Amino acid sequence: MSQDLTGKVAVVTGAARGIGRACAVRLAQAGADVAIIDIDLNSGARYEHEPAGTTAEQIEQLGRQTFGVQADLTNEGEAHRAIEQIVERFGRLDILVNAAGGAITPYTRSTPTKTPTQDVKTLFDVNFMSAFHCCQAAVPALKEAGGGAIVNFTSTAATTVFPDGSNSFYAAAKAALAHWTRHLAAEVGPDGIRVNMVAPGITLTGRLLEESKDTGYDSRAAEVPMRRLGEPDDVAKAVEFFASDLSAFVTGRSIPVDGGWILNPA
C-alpha cells in the first residue's frame, strides 16, 4: 500500500523519463504534488519504450498538481532558480529526489585508460554536481517546512566493478556522491531533514533498452539472483519508502535496488 503523502510537495529531477519519471508518478500516486525538473521535459518522446505523453500529463491524470521546469542542473544558477521557482509556486518543499544523471558518455570508451577528460567532467557534472547544486538550493526550504526528505541516486556501480573495468568514472562519480550524501545527512539531521540514497542496478529504462545492443546489458539477467533486471518502478518504491514516514528514523543510508546483483562479486 502506498504511503499517504497528501499535502506534501516533492521535486524530482531527471523526471521526464526513465527512473525519474517513475519516481515522480509514484509520489503523485501517494498523494504528493510533484514538480519535475529536466534538461528536456519532452525527452521521453525520444524512446519508444517510454510511456506515452509527458510526466506532467501523467501526474495531472492522477489529480495532483505539478509544475515542470526545464533547466541544466549542472549549472549552479539554473539549479537554484529552478528550486526557487518551485518553492514560490507551491509555497513549500518537503521532498527532493535527485534522479538526474546516468552513464551518458560512450560505453565503448568508459574504462579507466580509455576515458577522455571531457567524459570525466561530463560524468561528474551530471551525476555529482547536479545533485550537489539541488541539495544546497533545497535545504533552506526544507528547513522552513520543519524538515523533510532528500533522496540521492547512487548506483551499485559505486561499490562494485565490472570485470572489464567499464563505466569507471560513472562509478567514481556515484561513489563520490554517496560519501558526500552521508556528510550531508550528518549536517542537516538536527534540522529534521533525512538524507538517504537508492542504488539501482541495471534498470530497464527506455534509454537502456535502446542502447542495449551496444552495452549488452539486456543479457545480464542471469547474473542477478532474482533472474531479472530492474524496472523503473522497482526503484520508485524504494524512493517512496525514503520519502515517507516509514523511514522517519533512517538517514545516511543506501538501499541497493538490484535483485541481489551486488551479492555477486565482480
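Restricting attention to the range 149-176, the residues that are closer than 15 Å to residue 256 by Cβ and touching a strand residue (DSSP E or B) at 6+ places or on another chain (Cβ under 9 Å) add up to 10.
Among the residues in the range 178-199, are any more than 30 Å from residue 91 (Cα to Cα), at pLDDT 95 or above and surrounded by fewer than 22 Cβ atoms within 10 Å (Cβ to Cβ)? Checked the range 178-199: at least one residue is more than 30 Å from residue 91 (Cα to Cα), at pLDDT 95 or above and surrounded by fewer than 22 Cβ atoms within 10 Å (Cβ to Cβ). Looking across the range 36-59, the residues that are under 17 Å from residue 98 (Cα atoms) and acidic (Asp, Glu) come down to 38, 40. Any residue at all in the range 111-125 that's closer than 24 Å to residue 28 by Cα, in contact with an Asp or Glu (Cβ under 8 Å, 6 or more places away or on another chain) and not in a helix (DSSP H, G or I)? No: the range 111-125 contains no residue that is closer than 24 Å to residue 28 by Cα, in contact with an Asp or Glu (Cβ under 8 Å, 6 or more places away or on another chain) and not in a helix (DSSP H, G or I). Residues of the range 40-66 that are surrounded by 18 or more Cβ atoms within 10 Å (Cβ to Cβ) and of a type outside the set (Gly, Ala, Ser): 41, 50, 54, 55, 58, 59, 64, 66.
Here is a yes/no grid of residues against (1) aliphatic (A, V, I, L, M); (2) free of Cβ contacts under 8 Å to residues at least 40 places away in the same chain; (3) part of a helix (DSSP H, G or I):
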site	(1), (2), (3)
134	no, no, yes
141	yes, no, yes
146	no, no, no
149	yes, no, no
164	no, no, no
170	no, no, yes
176	yes, no, yes
179	no, yes, yes
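When restricted to residues that are touching a helix residue (DSSP H, G or I) at 6+ places or on another chain (Cβ under 7 Å) and surrounded by fewer than 18 Cβ atoms within 10 Å (Cβ to Cβ), the range 120-159 contains 4.
Residues in the range 69-94 that are part of a loop (DSSP other than H, G, I, E, B) and either out of contact with any strand residue (DSSP E or B) (no Cβ under 9 Å at 6 or more places or on another chain) or charged (D, E, K, R) (or both) were compared, and the one that is nearest to residue 5 (Cα to Cα) is 94. Annotation note: Cβ proximity below 7 Å between a residue of the range 85-109 that is without any contact (Cβ under 8 Å) to a residue 40 or more places away in the chain and a residue that is part of a loop (DSSP other than H, G, I, E, B) (sequence gap 6+ or interchain) occurs for 109/115; 109/116.
The values are calculated or read from the model by the stated rules, or taken from the named source; none is laboratory data. Here the structure is a predicted model, which is why all the values come from computation and not from measurement. Using ideal geometry, Cβ is built from the backbone for each residue, glycine included, and neighbour counts are taken over all protein chains shown.
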